[in-house]
1. Please verify whether segment 103-125 includes one or more residues that are within 13 Å of residue 53 (Cα to Cα), at pLDDT 95 or above and not assigned by TED's automatic domain parsing to the domain that holds residue 14.
2. Yes or no: residue 100 crowded, with 16+ Cβ neighbours inside 10 Å and part of a strand (DSSP E or B)?
3. For segment 59-75, indicate whether the set of residues that are assigned to a strand (DSSP E or B), over 18 Å from the mean Cα position of the chain (by Cα) and loosely packed, with under 15 Cβ neighbours inside 10 Å is non-empty.
4. State whether one or more residues within segment 115-124 are surrounded by 14 or more Cβ atoms within 10 Å (Cβ to Cβ), touching a residue at least 12 places away in the same chain (Cβ under 8 Å), in contact with a strand residue (DSSP E or B) (Cβ under 7 Å, 6 or more places away or on another chain) and not in a helix (DSSP H, G or I).
5. If a residue has to be closer than 18 Å to residue 117 by Cα and touching a helix residue (DSSP H, G or I) at 6+ places or on another chain (Cβ under 8 Å) to count, how many in segment 74-97 make the cut?
6. When residues of segment 37-51 are filtered for being within 17 Å of residue 85 (Cα to Cα) and out of contact with any helix residue (DSSP H, G or I) (no Cβ under 7 Å at 6 or more places or on another chain), how many remain?
7. Being closer than 21 Å to residue 142 by Cβ and surrounded by 14 or more Cβ atoms within 10 Å (Cβ to Cβ) is the filter here, so list the residues in segment 76-96 that pass it.
8. How do the pairs read when you match residues in segment 1-17 that are more than 18 Å from residue 47 (Cα to Cα) with residues anywhere that are surrounded by 10 or more Cβ atoms within 10 Å (Cβ to Cβ), using Cβ under 7 Å and keeping only pairs 6 or more apart or on different chains?
């Protein structure tokens, strides 16, 4: 199986410095990162580790769910997945990811709501990114749409 690589170049202190994260394997872009903007409500045109984790989790979950729906006998027509990754203080000091809220809305043929819910929960447990983040509380809000 492949290994994927990202690289970050950082200059300066945590509060005054900044950097760029490069998606090296895909070469699709280089994005600014900044701790003050990471900790602010408005990202101000920069990304963050939490946003990158959210991207990884939502895309991984969508792939896993499409496989689990098919395994259950359904056909995924459209899945829309969002992942909200929250940063907060760590009681032991510093910061930590305090939670991830997955939300999926699906248009699926061949499964009822109960079958979709079962596939959605299975995907939450089976997605490789979910497995990597087992130390974080991950919630799921899943629903079929017509």
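1. There is no residue in segment 103-125 that is within 13 Å of residue 53 (Cα to Cα), at pLDDT 95 or above and not assigned by TED's automatic domain parsing to the domain that holds residue 14.
2. Against the criterion (crowded, with 16+ Cβ neighbours inside 10 Å and part of a strand (DSSP E or B)), residue 100 qualifies.
3. Yes, the conditions are met somewhere in segment 59-75.
4. No, because not a single residue in segment 115-124 is surrounded by 14 or more Cβ atoms within 10 Å (Cβ to Cβ), touching a residue at least 12 places away in the same chain (Cβ under 8 Å), in contact with a strand residue (DSSP E or B) (Cβ under 7 Å, 6 or more places away or on another chain) and not in a helix (DSSP H, G or I).
5. Result for segment 74-97: 7.
6. The total comes to 10.
7. 76, 79, 81, 82, 83, 84, 85, 86, listed by residue number.
8. Going by the 7 Å Cβ cut-off, the qualifying pairs are 4/25.
The values are calculated or read from the model by the stated rules, or taken from the named source; none is laboratory data. Being a predicted model, the structure only gives us computed values, none of them experimental. Cβ coordinates were reconstructed from backbone atoms using ideal geometry, including for glycine residues, and neighbour counts include every protein chain displayed.
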